[in-house]
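Asks: My questions will all concern the structure given below.
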Amino acid sequence: MLGIDFNKISELLLFDIKDPLLFGSSLFFFLFFGLLLIYRLFAKSNNGRISILIFFSLFVYYKASGIFLLLLILNAIANFGFGKGMGEAKTQAGKRVYLILSLLFNLGLLAYFKYNNFFLQALNDFNFANLELLDILMPLGISFYTFKSLSYILDIYLEMMEPTDSFRDYFLFVSFFPNILSGPIDRAAKFLPQIRKEYFLSNKDIAMALMLIMMGLVKKIMIADYISLNFVDRVFDEPVRFTGVENLLAVYGYALQLYCDFSGYSDIAIGIGLLLGFKLMENFNYPFKAKSISDFWKRWHISLSSWLLDYVFRPLQIGLRDWRKAGNITALIITFVLVGFWHEASWAFLFWGLLHGIFMAFGLLVQGPKRKFYLKYKLNNSKIFGAFQIFITFNLVAFSFIFFKANNFESALDVLKQIVFFFKPGVFIQFVESFTPTFILIFFGFFFHFLPSSFSDKMVTLISKMNIIIQAIILTLIIWLVSQVQSADLQPFIYFQF
Amino acid sequence: MISERLKNIICKELLLDTKSVEINDETQATEVPGWDSLNHANIIVAIEKDYGIRFKGLEVLKCNNVGALQNLIDSKVSK
């Protein structure tokens, strides 16, 4: 009677590998709005509220990964069990048994799904064997939820937290839909206590959530998707067809694209979490304002860098402390190679990680003389020198991202060759004329990034003082504005592939 | 209670003036100027050298503030 096509609706809701429920899609906003309404109805019932959240999380994961939902459930059951066993173990040796079991289980599954073919290919390439590659599909978000689960186990082992008695709570921690597919990689110690808290949103929370969701949409759809489809991808697909200046702009553009894509996703995830009453971990803090590579890693993908700092770098560093500086450098190189390897099992990503390890190691080696030099010439408080440090750090980071983006080493080297040997600065004017919207978006993207961070705080305070109707109008306007520049299809988030 | 000896070792390693730095049981490494993840190991080595003790890796990793580090030192010294 109403002309509802139930087949079409079920198609929309069923697993489709090519159509996960992307933040920013109209279907997502429609379903999330429905979830919020029901969720608020159950605001007083903790059990009801959390059950709804778990159900919705299961749906989001099923929609993106189908049968792999069972793997997620298995992961939650196993790690809950390991945590409980570790908590009940009377001796350190007993705790260690559960730690080893958990590491074998979690890293074993990750290795099977994510790294198997890389190692088989490496064995073939080095002529150690002639093995056939496996036809394996990687479950979405496995790198993220594996690391979340491992942090729970490791924190219990390090006596930073007690294991939870509630499987319901633990399951929500692992499957929480805002951060299941691409993080932030939250810590159980911070997340679990929030489940039992009363659901209450202050005006400031709502304003903050709206601001994050709006900023996330603008970053992802207006900036990242637009510059990627209209400029960056074209250059990186065939760098030799473009001049050096265009290649350089594509490298800068890609740094901005990657930041807007991933931090846009994180902003939306954190904003959505906040509307559901959960404060998720901060993931980005104006990374291109960093004055050194170590500063950059305190601001970029914070939930991953702090994870590796706590569970990889620190144990290695303490274990190798007798080697003094050499111990620190070894720990840094291993940690950053793992950063690369975490992203993707490929030589280009390993090299990207190694590059950052080398940058960090170099920073450590010159730390002493640098400190004396800065003191002697009073450079610590110099704004001009600060800008110079930001410029150098940004260029090192953008350089490293060439290996992150390029399909292979040859293509990365082509980009560099064009920049060095075929720069043609005069082409810049032509670029601005023929890629005007791209140029404007890149310019404004960086401009907003370099505004003082107090600007964002002021916006949140301003929104929090507004009437709810005005807030809704602003949100609608932003969604409309974003839809005007949206490419035909919403582009998948870059970090979904990791 | 943080001993003067421990405070002196930390300040000497970080080139800090002991009078200008407040360190108590609850103080975390990140709250002390210059005590970052890179020179954390140097401070641990300096403590081990000064007290003539040896920590296990896991014992150090479990310390989440200076108070816990002081307790660990006390337990090693009294053995």
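Read-outs throughout are calculated quantities, based only on the coordinates presented, and are distinct from any laboratory measurement. All values reported here derive from a predicted model rather than from experimental measurement. Cβ sites come from the backbone with ideal geometry, for glycine too, and all protein chains shown count toward neighbours.
Asks: Where a Cα-Cα gap under 19 Å defines reach, which aspartates and glutamates qualify for A:Lys298, not counting those fewer than 8 residues away within the same chain?
Replies: A:Asp186, A:Asp261, A:Asp267, A:Glu282, A:Asp310, B:Glu31, B:Asp36
Asks: Next up: Which is farthest toward the positive dipole end of the range B:4-77 among B:Ile73, B:Ile53, B:Leu16, measuring Cα position about the Cα centre, with Cβ charges +1 (Lys, Arg) and -1 (Asp, Glu)?
Replies: Of the listed residues, the answer is B:Ile53.
Asks: Stretched out fully, how many nm does the piece from A:Leu365 to A:Leu36 gain, at 0.36 nm a residue minus the Cα gap? Each step should come with its number before you reach the end.
Replies: Working: separation 329, 0.36 × 329 = 118.44 nm, distance 5.21 nm.
Computed gain between A:Leu365 and A:Leu36 is 113.2 nm.
Asks: Which whole-number percent of Cα pairs in the range A:398-498 have a distance greater than 20 Å?
Replies: Working: 3405 of 5050 pairs.
Looking at the range A:398-498, the distances longer than 20 Å represent 67 percent of pairs.
Asks: Can you list the trypsin sites (Lys or Arg not before Pro) in the range A:48-99 that are in a DSSP coil and have 12 or fewer other beta carbons within 10 angstrom? Before the final figure, lay out each step's value.
Replies: Working: sites: A:Arg49, A:Lys63, A:Lys84, A:Lys90, A:Lys95, A:Arg96; in loops: A:Lys90.
For trypsin sites (Lys or Arg not before Pro) across the range A:48-99 that sit outside H, G, I, E and B with at most 12 neighbouring Cβ atoms in 10 Å, the list reads A:Lys90.
Asks: May I ask you to list the lysines whose Cα is less than 18 Å away from that of A:Lys18, ignoring any residue fewer than eight positions away on the same chain?
Replies: Once the sequence-local lysines are set aside, what remains near A:Lys18 is A:Lys8, A:Lys63.
Asks: Taking the range A:341-402, which trypsin sites (Lys or Arg not before Pro) meet the DSSP loop condition and have no more than 15 other C-beta atoms within 10 Å?
Replies: On the way: sites: A:Lys370, A:Arg371, A:Lys372, A:Lys376, A:Lys378, A:Lys383; in loops: A:Lys378.
Taking the range A:341-402 and a limit of 15 other Cβ atoms within 10 Å, the loop trypsin sites (Lys or Arg not before Pro) found are A:Lys378.
Asks: What value, in deg cm²/dmol to 500, does the helix sum -39500 (n - 2.57) over DSSP H runs of n ≥ 4 give at 222 nm once divided by the residues of chain A? Please report the intermediate quantities before stating the final value.
Replies: Numbers: 25 runs with 335 residues, N = 498.
Helix contribution divided over all residues of chain A: -21500 deg cm²/dmol.
Asks: What number, in nm² with one decimal, is the all-direction average of the projected area of the convex hull of the alpha-carbon atoms of the range A:341-389?
Replies: Working: hull surface 18.0 nm².
Convex hull of Cα atoms, orientation-averaged projection: 4.5 nm².
Asks: Reachable lysines from B:Lys79, Cα under 30 Å, same-chain residues fewer than 8 places away excluded?
Replies: Answer for B:Lys79, where 30 Å is the Cα cut-off: A:Lys90, A:Lys95, B:Lys7, B:Lys12, B:Lys49, B:Lys56, B:Lys62, listed by chain and number.
Asks: Sticking with this structure for a sec: To the nearest 20 Debye, how big is the dipole of the range A:26-195 about its Cα centre, given +1 on the beta carbon of each Lys and Arg and -1 on that of each Asp and Glu? It would help to have the intermediate numbers written out before the result.
Replies: Values: 13 positive and 10 negative charges, 116 e Å.
Roughly 560 debye, rounded to the nearest 20.
Asks: Return the tail of the calculated pair distribution for chain A, meaning the percent of Cα-Cα pairs more than 44 Å apart.
Replies: Values: 20308 of 123753 pairs.
Cα-Cα pairs in chain A separated by more than 44 Å: 16 percent.
Asks: Also: State whether the range A:178-334 is rounded, prolate or oblate according to the following rule on the C-alpha gyration tensor (a ≥ b ≥ c being the square roots of its eigenvalues): a/c under 1.5 gives rounded; otherwise a/b larger than b/c gives prolate, and the remaining case gives oblate. Could the numbers behind the result be given before it?
Replies: Details: a/c = 2.77, a/b = 1.06, b/c = 2.60.
Oblate, since a/c reaches 1.5 and b/c is not below a/b.
Asks: Kirkwood Rh over Cα pairs of the range A:355-427 into Stokes-Einstein at 37 °C, 0.692 mPa s: D in µm²/s?
Replies: Numbers: Rh = 14.8 Å.
Estimated via Stokes-Einstein, D reaches 222 µm²/s.
Asks: Let me ask you something else. Computed FRET efficiency, Cβ-Cβ of A:Asn46 and A:Ile77, R0 22 Å: what is it to the nearest 0.05?
Replies: 0.50
Asks: Could you tell me which residue out of A:Ala111, A:Asn380, A:Thr330 lies farthest along the dipole of the protein assembly as shown toward its positive end? Charges go on the beta carbon: Lys and Arg +1, Asp and Glu -1, centred on the Cα centre.
Replies: A:Asn380
Asks: Looking at the square roots a ≥ b ≥ c of the eigenvalues of the Cα gyration tensor of the range A:26-195, which shape do they give, rounded for a/c under 1.5, prolate if a/b is larger than b/c, or oblate?
Replies: Numbers: a/c = 2.96, a/b = 1.28, b/c = 2.31.
It comes out oblate by the Cα gyration axes.
Asks: How much length would be gained if the chain were fully extended between A:Phe388 and A:Leu201, taking 0.36 nm per residue of separation minus their Cα-Cα distance, in nm to one decimal?
Replies: Working: separation 187, 0.36 × 187 = 67.32 nm, distance 4.21 nm.
Computed gain between A:Phe388 and A:Leu201 is 63.1 nm.
Asks: Could I ask something else about it? If I take all pairs of Cα atoms in the range A:93-162, what percentage of them are more than 13 Å from each other? Mind showing how you got there, number by number?
Replies: On the way: 1690 of 2415 pairs.
The share of Cα pairs beyond 13 Å in the range A:93-162 comes to 70 percent.
Asks: Taking loop as defined by DSSP and a crowding limit of 16 other beta carbons within 10 Å, which trypsin sites (Lys or Arg not before Pro) in the range A:180-217 fit?
Replies: Numbers: sites: A:Arg187, A:Lys190, A:Arg196, A:Lys197, A:Lys204; in loops: A:Arg187, A:Arg196, A:Lys197.
Hits after loop and neighbour filter: A:Arg196, A:Lys197.
Asks: Taking R0 as 51 Å, what's the FRET efficiency between A:Ser166 and A:Lys465 from their Cβ-Cβ distance, rounded to 0.05? Mind showing how you got there, number by number?
Replies: Values: r = 38 Å, r/R0 = 0.75.
Here the calculated transfer efficiency is 0.85.
Asks: Right, another one. Compute the length gained on full extension between A:Leu14 and A:Phe428: take 0.36 nm times their separation in residues and subtract their Cα-Cα distance, giving the result in nm to one decimal.
Replies: Working: separation 414, 0.36 × 414 = 149.04 nm, distance 4.75 nm.
Here the answer is 144.3 nm.
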